[in-house]
Amino acid sequence: MALWGGRFSQESSALFKLFNDSLPVDFRLIEQDIVGSIAWASAITQVGILTEQECTELHQALNELLAETQESPELIIASGAEDIHSFVEQSLIAKVGDLGKKLHTGRSRNDQVATDLKLWCKKEGEQLLGLLTNLRAALIELAERELDAVMPGYTHLQRAQPVLFGHWCLAYVEMFERDISRLQDALKRADTCPLGTGALAGTAYPMDRVKLAKSLGFASPTLNSLDTVSDRDHVIEICSDASISMMHLSRMAEDLIFFNSGEAGFIDLDDEVTSGSSLMPQKKNPDALELIRGKTGRVYGALMGILTTMKALPLAYNKDMQEDKEGLFDVMDSWSICLEMAGLVLSGLQVNREKTLNAAKQGYANSTELADYLVAKGMPFREAHHVVGEAVVSAIAKQTPLEELTLIELQAFSAAIEADVYDCLTIESCLAKREAIGGTSLLQVRSALATKQES
């Protein structure tokens, strides 16, 4: 039986029921709906709607229902209820009879679902923070293991300047630390309890909403009933945070896919995160990383979906908002498994140091060092930039690195160049000079790593 059937003289069509029912999606809120109902039973007991004995019976029945559904979750979908709230109420009535009909006094499905969803977001959000922290730790471990491996840094996918592999790892540590901070902020803003605001105007019973909020683990109650039942900012924020984090995961995946390619050969991926070809027996494909990159799109889609759903809704609750959960659930599932998979990829990753070093020596990555050398000799940087550009053109024509040009050849571009120039053109010199905070010198990367390990 529907919770709202008294107003209607005929049954809903089968098509409308299929279209309207949300149980196939919101069944995941079973724990939160029961926990919220237990708290609500206590709250309405305190204002005289239930006796202490009735409250105890309801608590016992609700806890039994939670245990039953945890053991046999298929019971929920098999019930054919309209939504998770209907399932819980109908199951409760089956256990305790008319007493079960008292529980919804002063409560609406509007504040009920808002509470359930915030409770779910708080719980799942904490789990996601744990996964982000684990990935951060995996990157720090990889940075420590491969700290001093030299590789080319890129701009525009062109070899630019040499960097340490540990520096590359710590770049993504910075990104995921921002993701952690953003999610923590979102969960802080979501830490307000909607229960007790009714359908839109507030409950008619004088309950202590501060006490009710605390009983459910919220920091405080919400302060405006109209906003409360129509607020899905927490859903949007989490989907946004997930989208940014997935973008970081996708960028890291793309880097590693390129590093793993035959053209680069910088890294080897473990067999347990790769697959083969059904046709070409030699193939070892980076499927885990490609799927991370691919799943980013569906997370973006969910964000755009909820933003579009909410963009023109009048106050207060509208049925459109039933569309808030399916995308959110998929976002959290996708984000979770991608974070876990990324950690697994990193744990088995091996750097081919000889190849990364050889690549760092190619592409005239020491050009900036030659320009800095000329600046140190008193030449304005813009002029030095031009001189080095001409030297690079000449070296390319001769198919030789800058450091293999003779002193006479180099002096043809500037008389300021002396024999000490070769000390500046080595990979070691290129790296060692980057000692300012944030740089890629071995000293600086070790310092940065130590800071990350301590925090």
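The values are calculated or read from the model by the stated rules, or taken from the named source; none is laboratory data. Since this is a predicted model, take the numbers as computed values, not measurements. Neighbour counts are summed over all protein chains in view; Cβ atoms, including those assigned to glycine, are modelled from backbone coordinates with ideal geometry. All accessible areas refer to the heavy atoms of the entire protein, side chains included, with ligands and DNA or RNA removed. Shrake-Rupley method; radii C 1.70, N 1.55, O 1.52, S 1.80 Å.
If you place +1 on the Cβ of every Lys and Arg, -1 on the Cβ of every Asp and Glu, and leave all else neutral, what size is the dipole of the chain about its Cα centre, to the nearest 20 Debye?
840 debye
May I have the convex hull volume per residue, in Å³, for the Cα set of region 95-152?
Convex hull volume per residue, Cα atoms: 121 Å³.
Which value, to two decimals, describes the C-alpha radius of gyration of region 216-264 once divided by 2.2 N^0.38 Å?
2.04
Across bins of 10 angstrom width beginning at 0, how are the C-alpha pair distances of region 282-435 distributed, in whole percent?
9, 24, 15, 13, 17, 14, 7, 2
Tell me, what HN-Hα J-couplings in whole Hz come from the Karplus equation 6.51 cos²θ - 1.76 cosθ + 1.60 at θ = phi - 60° for each residue of region 185-196, using x for Gly and Pro?
Along region 185-196, the couplings run 5, 4, 5, 5, 5, 7, 8, 10, 8, x, 4, x Hz.
If you line up the long axis of helix 30-46 against the longest principal axis of the chain, both from Cα atoms, how many degrees apart are they, to the nearest 10?
The angle comes out near 50 degrees.
Quick one: give the max-minus-min coordinate of the C-alpha atoms of region 390-452 along each principal axis, largest first, in Å.
Principal extents (Cα only, largest first): 46, 22, 15 Å.
Send over the Kirkwood Rh of region 352-426, from the inverse of the averaged 1/r over different Cα pairs, rounded to one decimal Å.
Taking every pair of different Cα atoms in region 352-426, averaging 1/r and inverting gives 12.6 Å.
Go through 214/319; 118/188; 211/319; 122/325 and tell me which ones have a Cα-Cα distance over 22 Å in this structure.
214/319; 211/319
Per residue, how much accessible area does the chain have with a 1.4 Å probe, in Å²?
Value for the chain: 49 Å² per residue.
Looking at the chain from every direction and averaging, what is the projected area of its Cα convex hull in nm²?
Dividing the Cα hull surface by four gives the mean projection, 29.9 nm².
For region 25-75, with all protein chains present and a 1.4 Å probe, just round the carbon and sulfur fraction of the accessible area to a whole percent.
Looking at region 25-75 in its full context, I get 51 percent from C and S.
What fraction, in whole percent, of alpha-carbon pairs in region 164-262 exceed 18 Å separation?
In whole percent, the share of Cα-Cα pairs in region 164-262 beyond 18 Å is 61.
Where does region 243-362 land on the Kirkwood hydrodynamic radius, alpha-carbon pairs, in angstrom?
Evaluated on region 243-362, it is 16.6 Å.
Summarise the accessible area of region 213-354 (1.4 Å probe, protein heavy atoms) by the percent that is carbon and sulfur.
Solvent-exposed carbon and sulfur of region 213-354 make up 52 percent of the total.
Each residue of region 75-91 in turn: what ³J(HN,Hα) in whole Hz from Karplus with 6.51, -1.76, 1.60 and θ = phi - 60°, glycine and Pro shown as x?
4, 5, 5, 5, 5, x, 5, 5, 8, 5, 5, 5, 4, 5, 5, 5, 5
Which value at 222 nm does the chain reach when only helices count, each DSSP H run of 4 or more adding -39,500 (n - 2.57), with the total divided by all residues and rounded to the nearest 500 deg cm²/dmol?
One gets -20000 deg cm²/dmol as the mean residue ellipticity at 222 nm.
Can you give me the Kirkwood hydrodynamic radius for region 108-203, using every pair of distinct Cα atoms, in Å to one decimal?
About 16.4 Å, per the Kirkwood formula over Cα pairs.
Could you tell me the center-to-center distance, by alpha carbons, between region 147-180 and region 229-305 in angstrom?
Using only Cα atoms to place each centre, the spacing works out to 18 Å.
Å³ per residue of the Cα convex hull, for region 279-349?
Roughly 104 Å³ of hull volume per residue.
Treating the angle as unsigned and between 0 and 90°, give the value, to the nearest 10°, between the Cα long axis of helix 381-398 and the longest Cα principal axis of the chain.
Around 70 degrees separate the two axes.
So what are the ³J(HN,Hα) numbers for region 342-358, from phi and the Karplus equation (6.51, -1.76, 1.60; θ = phi - 60°), rounded to whole Hz, Gly and Pro as x?
So the Karplus estimates, Gly and Pro as x, are 4, x, 5, 4, 5, 5, x, 6, 10, 8, 8, 4, 5, 5, 5, 5, 4 Hz.
Averaged over every viewing direction, what's the projected area of the C-alpha convex hull for region 33-142? Give it in nm², one decimal, please.
Result: 9.0 nm².
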